[in-house]
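Every read-out reported here was derived from the displayed coordinates using simple, explicitly stated rules and does not represent laboratory data. Everything quoted here is computed from the prediction, not taken from an experiment. Ideal geometry is used to build each Cβ from the backbone, glycine not excepted, and the neighbour counts take in all protein chains shown.
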Amino acid sequence: MEEQQIKIEQQSGRLDKVIADEFAEYTRSQVVEWIKDELVTVNGAIKKAKYSVKPGDLIKFTVPEVKELDLQAENIPLDIVYEDDDLLVVNKPQGMVVHPSAGHEDGTLVNALMYHTPLSTINGVFRPGIVHRIDKDTSGLLMVAKNDQAHEALSAQLKAKKNLRQYIALVHGEFQENEGTIKAPIGRSTADRKKQAVIKDGRDAVTHFKVLQRYVGYTLLAVTLETGRTHQIRVHMQYIGHPVAGDPLYGPKKTLPGQGQYLHAATLGLTQPKTQAELVFEAPLPANFSAILEQLEPYADTNGD
């Protein structure tokens, strides 16, 4: 392991930013991870990334050794919608886990991506290339970084809310309104640690929705994310009394049959990190989603416009 240190003189600002500015070979995302792992000290004490440095502060940190990926590349077919030297956009099928974790060591999107292309290293050993995630049983579009510079740029776009992320959701109940916005903070549920919930001191979460089609007992929505909290659409829809159909975690026990929630990441917009070209991609509804819509009874006046 490599030891580094800085004595603060004129520098000012957040701890993570100051370190990243001082050492160009390290990315800010890497620095944040080291701070979380308590590899960084200020005057011998552990501080958070947002700590504001002060003159005289002595910052020391340990650069961890780069671990070899012990994941196995797997020749799993991928539905690649777009690819260049910096990134690719993939249409993930329902039922595929995005990255390995306990109980899902193989067969994930990451295993498949590793077989196809080199990936960025910013998100560590088990999440190479993964800039953002969608749930196992949510289908649709994900952007994947092939190098660290692209990863930084794409992550910055997400943080600045510059990406277009629109989902198609089939939810329980019949909407009176044609469109609306849900603003409700989300955090981990105190009642069930497996769930997220709308809680008072949660992180800001904003979801926009528009009715696409009305059915008897159900509504098809276009849902646009302004923020990207864990399970955001599923939690917000449950919160307003319209849980996503088929959702085993947030939906009612009596729901539509299938392999999970009827939620599809249909549209993804991004800025290409090098060329700055504005790119927008779309993925059609998967066959099981289209099939269930065919079985529902539409209203005579179904247009939500």
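Annotations for the structure displayed:
- Proxy reagent accessibility, fewest Cβ within 10 Å first, across F61, F281: F281, F61
- Peptide ranges 26-37, 145-156 listed from the most packed, as the mean C-beta count within 10 angstrom indicates: 145-156, 26-37
- Just so you know, the averaged projected area of the alpha carbon convex hull for the range 161-305 sits at 9.9 nm².
- Of all the options Q72, Q213, Q276, the one that moves most in a Gaussian network model of the chain with Cα springs shorter than 10 angstrom is Q276.
- By the beta-carbon count within 10 Å of each Cβ, the least crowded to most crowded order of R214, R203, R165, fewest first, is R203, R214, R165.
- Globularity index of the range 87-158, i.e. its alpha-carbon radius of gyration over 2.2 N^0.38 Å: 1.01
- Highest-fluctuation residue, E177, E282, E74 considered, GNM on the chain with Cα pairs under 10 Å: E177
- Debye intensity ratio in log₁₀ form over the Cα atoms of the chain, taken at each q of 0.15 Å⁻¹: -1.26
- All other residues whose Cβ lies under 15 angstrom from that of A245 are scored, Lys and Arg at +1 and Asp and Glu at -1, for a net of -2.
- Hydrodynamic radius of the range 12-54 per Kirkwood, over alpha carbon pairs, in Å: 10.1 Å
- Each listed q (0.14, 0.16, 0.19 Å⁻¹) maps to a log10 I(q)/I(0) for the range 13-153, found by the Debye formula over equal Cα scatterers with no solvent: -0.72, -0.86, -1.05.
- Listed residue pairs exceeding 26 Å between alpha carbons, taken from K7/K146; K48/K161; K162/K254; K7/K159; K60/K146: K7/K146; K162/K254; K7/K159; K60/K146
- Other residues within the sphere of radius under 13 Å centred on the Cβ of T275, judged by their own Cβ, net out at -3 (K and R +1, D and E -1).
- Helical contribution to [θ] at 222 nm, DSSP H n ≥ 4, -39,500 (n - 2.57), averaged over the chain, rounded to 500: -5000 deg cm²/dmol
- Between the listed residues T255, Q4, N288, the Cα displaced farthest toward the positive end of the dipole of the chain, a dipole computed from Cβ unit charges relative to the Cα centre, is found at T255.
- Positive minus negative residues near A266 (Lys, Arg vs Asp, Glu; Cβ under 13 Å): +2
- Dipole orientation for the chain: of the candidates N147, H242, H264, H242 has the Cα lying most toward the positive pole (charges on Cβ; Lys, Arg +1; Asp, Glu -1).
- Each of T108, T190 was scored by other Cβ atoms within 10 Å of its Cβ. Listed from fewest to most, they are T190, T108.
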